[in-house]
Amino acid sequence: MAAPSMKERQVCWGARDEYWKCLDENSEDTSKCKKLRSSFESSCPQQWIKYFDKRRDYLKFKEKFEAGEFDPSKAPTKT
């Protein structure tokens, strides 16, 4: 995979930011952000999408943890 140009990176990051903003405004309801998700996926390399998805999950976890809202009994378990 060739490295994305500066313009391609900016388009990707902009699409990611718009998608994340939609999720924030709609309480993480992905059904309301499908169009922005499609734009995000078409603007970014697949490997970046996986990284950004994991990054968002981590940042949301960290936010809850620091606010004292994390409940270990409701944490998803890996099988």
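The values are calculated or read from the model by the stated rules, or taken from the named source; none is laboratory data. Quick caveat, the model's predicted, so the values are computed rather than measured. We place every Cβ from the backbone using ideal geometry, glycine too, and count neighbours over all the protein chains shown. Surface areas here come from the heavy atoms of the whole protein model, side chains and all, with no ligands, DNA or RNA. Shrake-Rupley method; radii C 1.70, N 1.55, O 1.52, S 1.80 Å.
Go through the stretch 16-60 residue by residue and tally those that are touching a Leu at 6+ places or on another chain (Cβ under 7 Å) and hydrophobic (A, V, I, L, M, F, W, C).
Total satisfying the criteria: 2.
Which of the residues spanning the stretch 1-17 are open to solvent by 50 Å² or more (accessible area, probe 1.4 Å), of a type outside the set (A, V, I, L, M, F, W, C) and farther than 18 Å from Leu59 by Cβ?
Listed by number, the residues that qualify are Ser5, Lys7, Glu8, Arg9, Gln10.
Those residues that are more than 13 Å from the chain's Cα centre (by Cα) and either within 19 Å of Pro4 (Cβ to Cβ) or surrounded by 13 or more Cβ atoms within 10 Å (Cβ to Cβ) (or both), I need them from the stretch 41-64; list them, please. Let's see the steps before the verdict.
Looking only at the stretch 41-64, we keep the residues that are more than 13 Å from the chain's Cα centre (by Cα), and these are 42-43, 45, 62-64.
Within the stretch 41-64, Ser42, Ser43, Pro45 meet the criteria.
Any residue in the stretch 5-18 that's touching a residue at least 24 places away in the same chain (Cβ under 8 Å): show its pairings with residues that are not in a helix (DSSP H, G or I) at Cβ separation under 6 Å, as long as the two are six or more apart or on different chains.
What qualifies is Cys12/Cys44.
So how many residues does the stretch 18-40 have that are in a helix (DSSP H, G or I) and open to solvent by less than 90 Å² (accessible area, probe 1.4 Å)? Write out each step before concluding.
Filtering the stretch 18-40 down to residues in a helix (DSSP H, G or I) leaves 18-25, 30-40.
From the residues that got through so far, the ones that are open to solvent by less than 90 Å² (accessible area, probe 1.4 Å) too are 19-20, 22-24, 30-31, 33, 36-40.
Total satisfying the criteria: 13.
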